[in-house]
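Below is one structure; the comments refer to it alone.
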Amino acid sequence: MQPQLQKSLGSTVLVDNVAGAGGSIAVQKVLAAAPDGKLMIMGTITDAVLTPLSLKAAKYQGESLRMVGLLSQNPLVLLARADLPVKDAKELVAHARSGHKGLFYGSIGRGSIFHLVTEDLAQQTGLKLTHVAYKGLAPLVQDLMGGQVDLAFYPLAANAFELIKSGRLKALGITGNARVPQLPQVPTFNETGITKGFDYSMWPALFMPAQAPMAEAQRVNDAVAALVASTEFLKFCEETGTTPAKPLSLAETERFYKAEMVAFRKVAATIKLEAE
């Protein structure tokens, strides 16, 4: 997105990859800089909201940041080992209630989006699930294909489609309120009736410090609106199986972010997630 954002803003955009501590090192770097909106973070729900809920070293809260531009939104898909004898999430619940032993699910760690979404599913359906934490999606997928764990939520993008269509893993359900064209046979959780409001997605967004000037926030929001509607960005999304975000005003973007904070904090409180 860097070339198109640079074009839309009419100024140079430099990208610095800052890894570590669940994204909190990058967030804290932005928050420690002058709050003029010139230094931003391309962040996710993990960096902005979830890491402070699970990591004491993250000395900020979600409200420390202002989301100024939403770039894409991909639903999550619940993947299962190929030999699990169910074809969708509704059958999974029936299978578990029929006296089958508890199931094991993997995630990329305590407090991750995949951990919280799976726990919300368990809370809503009564599924008995045991959490197994992994250091990354690659080893998790390997163990899921090998049958060491039964289930895992995964971003619904190019790699997921390949895993499902090849038969190496099966898709049981999709978060959100609409089926996806690439997997028309896979129902959403909400349409099966086993969940309500199960509308989770993976999204990247641009954030500034909350006290950044409104004019600068609006300027970047306008640039992102142009970016997500551009031919180049839409082509990139099509090639990678990414769902581009609809252009949102600054007020709409902030409302979206606040709703995400409320939803995930509710789940975290329900499972008594505490920072360590």
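The values are calculated or read from the model by the stated rules, or taken from the named source; none is laboratory data. All of these numbers come straight from a predicted model, not from anything done at the bench. Ideal geometry is used to build each Cβ from the backbone, glycine not excepted, and the neighbour counts take in all protein chains shown. Remember, those area values only see protein heavy atoms, side chains included, never the ligands or the DNA or RNA. Shrake-Rupley method; radii C 1.70, N 1.55, O 1.52, S 1.80 Å.
The conditions of being touching a strand residue (DSSP E or B) at 6+ places or on another chain (Cβ under 6 Å) and not in a helix (DSSP H, G or I) are met by Thr242. Looking only at region 1-24, residues that are buried (at least 16 other Cβ atoms within 10 Å of the Cβ) and within 21 Å of the chain's Cα centre (by Cα) come to 4 in all.
Do we have Val68 as surrounded by 21 or more Cβ atoms within 10 Å (Cβ to Cβ), touching a residue at least 12 places away in the same chain (Cβ under 8 Å), touching an Asp or Glu at 6+ places or on another chain (Cβ under 6 Å) and not basic (Lys, Arg) here?
On the way: surrounded by 21 or more Cβ atoms within 10 Å (Cβ to Cβ): yes; touching a residue at least 12 places away in the same chain (Cβ under 8 Å): yes; touching an Asp or Glu at 6+ places or on another chain (Cβ under 6 Å): no; not basic (Lys, Arg): yes.
It is false that Val68 is surrounded by 21 or more Cβ atoms within 10 Å (Cβ to Cβ), touching a residue at least 12 places away in the same chain (Cβ under 8 Å), touching an Asp or Glu at 6+ places or on another chain (Cβ under 6 Å) and not basic (Lys, Arg).
The set of residues in region 173-202 being assigned to a loop (DSSP other than H, G, I, E, B), open to solvent by 20 Å² or more (accessible area, probe 1.4 Å) and either modelled with pLDDT of 95 or more or in contact with a Gly (Cβ under 8 Å, 6 or more places away or on another chain) (or both) consists of Gln182, Asp199. Checking each residue of region 238-257 against the condition of being open to solvent by less than 20 Å² (accessible area, probe 1.4 Å), within 20 Å of Met1 (Cβ to Cβ) and at pLDDT below 95 gives at least one match. Taking the criterion of being of a type in the set (S, T, N, Q) and under 21 Å from Leu156 (Cβ atoms), the residues of region 83-142 that qualify are Ser107, Ser112, Thr118, Gln124, Thr125, Gln142.
Being at pLDDT 95 or above, surrounded by 14 or more Cβ atoms within 10 Å (Cβ to Cβ), under 21 Å from Gly10 (Cα atoms) and not β-branched (Val, Ile, Thr) holds for only one residue in Met214, Met208, and it is Met208. Within region 67-75, does at least one residue satisfy the condition of being assigned to a helix (DSSP H, G or I) and over 30 Å from Gly167 (Cα atoms)? No. How about region 29-50: which of its residues are open to solvent by less than 10 Å² (accessible area, probe 1.4 Å) and more than 25 Å from Gln4 (Cα to Cα)? Selection gives Val49, Leu50.
Does Ile164 satisfy the criteria of being more than 30 Å from Val15 (Cβ to Cβ), under 16 Å from the mean Cα position of the chain (by Cα) and hydrophobic (A, V, I, L, M, F, W, C)? Give the steps one after another, and end with the answer.
On the way: more than 30 Å from Val15 (Cβ to Cβ): yes; under 16 Å from the mean Cα position of the chain (by Cα): no; hydrophobic (A, V, I, L, M, F, W, C): yes.
In short, no.
Conditions (1) in contact with an Asp or Glu (Cβ under 9 Å, 6 or more places away or on another chain); (2) in contact (Cβ under 8 Å) with a residue 60 or more places away in the chain, marked per residue:
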{"residue": "Ala26", "(1), (2)": "yes, no"}
{"residue": "Val49", "(1), (2)": "yes, yes"}
{"residue": "Lys56", "(1), (2)": "yes, yes"}
{"residue": "Gln73", "(1), (2)": "no, yes"}
{"residue": "Ala94", "(1), (2)": "no, no"}
{"residue": "Phe114", "(1), (2)": "no, no"}
